[in-house]
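FYI, it's all coordinate maths here, none of it is from the lab. Keep in mind the model is a prediction, meaning the values are calculated, not measured. As a convention, Cβ positions derive from the backbone with ideal geometry for all residues, glycine included, and neighbour counts pool all protein chains shown.
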Amino acid sequence: MSGNTFGMLFSFTSFGESHGPAIGCVVDGCPPGMSLAEADIQHELDRRRPGTSRHVTQRREPDTVEILSGVFDGRTTGTPIGLLIRNQDSRSKDYANIADTFRPGHADYTYWQKYGIRDHRGGGRQSARETAVRVAAGAIARKWLSERYGVVIRGHMTQLGPNVIPFEGWEHVYGNPFFAANATRVAELEAFMDRLRRSGDSVGARIEVVASGVPVGWGEPVYGKLDSDLAAAMMGINAVKGVEIGAGFAAVAQRGTEHSDEMTPHGYLSNHAGGILGGISSGQDIRVAIAVKPTSSIRLDRHSIDKAGRPVIVNTHGRHDPCVGIRATPIAEAMMAVVLMDHALRHRAQNADVQVTTPRIAASAPPEVAAEHARAAAVDDPDPDEA
């Protein structure tokens, strides 16, 4: 099987299966000299790990990370960093009834057709269990980005099934199991998930990730665009079926006068581009949203086929997330981090000596400047439908 390595200059190669003895990855390209300990990585893994609330899978994995190489006297050496997470609470018997059948909406059928062999226990290699090592690699990237450039990466859930979650403040995200930036909606979300869990069904979710403090200039203008690499990284997360950069699909209904982010000496007036112009970071917040589909492993009867092609009824019992999107926020943050670090190193390799005299403007103009321009636009710009 190929396709287990992600990244160019900063990269990681993952290994392991959901019900094997361990999962892990080898991180390559981390510059030497950065202080790094297990605790730096464990904090992020604890945010993603299963069993943290009644609303997610009750598989009890501590997800304790071990650093096997690449660190000496508490600092990175520039050599490959080996990370290992041992599986401690697998229950393979839960999957015995799907050994010869295929779960609808899952990778069972395509995996079998491609390889002719599959580890059906918990999805094997295609399990979302593998995303734990992405979070571990991402923890290294976000630490380096923070220390070197002051980049801050944060994510939050903006929709759970039909429930839209308005943004109130980042301070709320760490105080609830949904990563919701809105404390007033938590009780409503918990009641919804309790009903959903009892029904045996599942739902999807929408997650937004924001990177602040990204300098101007990261990304390439043709192949290797920053937004295309971010989109690929997010689509590579299990169960993700859609990605938006900035305004995303809302741009379809916008006019050019609205979508194009005007600039003033005091900063940008809007950020519909999501912090990326022509594949290159603009200095604004980079904003990415993902759509996570409903969990495919549900206990309700679904029509499918077996290996012989005969019709069967499939239901999956065991410990599953009624909404895999609930634990997706740290994963999306991690993938944002590894892409940004990769592009930071690529930019540094080719363009570190580039200097221009044009001053760099602020990520956003002060509110009073934006308000003044909005008033002027309302007076000067005619309605295109009446002009």
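Overview of results
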| read-out | value |
| --- | --- |
| R86, R134 arranged by Cβ crowding within 10 Å, fewest neighbours leading | R86, R134 |
| The chain - mean residue ellipticity at 222 nm from DSSP helices (-39,500 (n - 2.57) per run, n ≥ 4, rounded to 500) | -8500 deg cm²/dmol |
| Theoretical gain in end-to-end length, R54 to S35 [0.36 nm per residue, Cα-Cα removed] | 3.3 nm |
| Contour excess over end-to-end distance, with Cα ends at Q254 and L68 and 0.36 nm allotted per residue | 61.9 nm |
| Packing-based exposure ordering (other Cβ within 10 Å, fewest first) of M1, M336, M263 | M1, M263, M336 |
| Nearest-20 debye value, the chain charge dipole, Cβ charges on Lys, Arg, Asp, Glu | 1880 debye |
| Local net charge near M335, Cβ-Cβ under 13 Å (Lys/Arg +1, Asp/Glu -1) | -2 |
| All-pairs Cα distance distribution in the range 61-206, expressed in whole percent, bin size 10 Å | 9, 23, 30, 27, 10, 0 |
| Per-selection Rg to Rh, the range 1-73 - Cα, Kirkwood hydrodynamic radius | 1.00 |
| Proximal aspartates and glutamates to K241, defined as alpha-carbon separation beneath 15 angstrom and excluding residues fewer than eight positions away on the same chain | E208 |
| For the range 253-381: Kirkwood Rh in Å [reciprocal of mean 1/r, alpha carbons] | 19.7 Å |
| Which of T264, T76 has the fewest Cβ neighbours within 10 Å, and the rest in rising order | T264, T76 |
| Anisotropy class of the range 252-327 from Cα gyration tensor, a/c 1.5 cut | prolate |
| Formal net charge of residues neighbouring H266 (Cβ-Cβ distance under 14 Å; K, R +1; D, E -1) | -3 |
| Mean-position separation - Cα centroids, the range 1-48 and the range 308-360, in angstrom | 13 Å |
| Equivalent ellipsoid semi-axes, the chain, via Cα gyration tensor eigenvalues times 5, rooted, Å | 38, 28, 19 |
| Euclidean distance between Cα centres, the range 236-307 to the range 158-228, Å | 12 Å |
| For the chain: relative contact order, % (alpha-carbon pairs under 8 angstrom, 6 or more apart) | 20 percent |
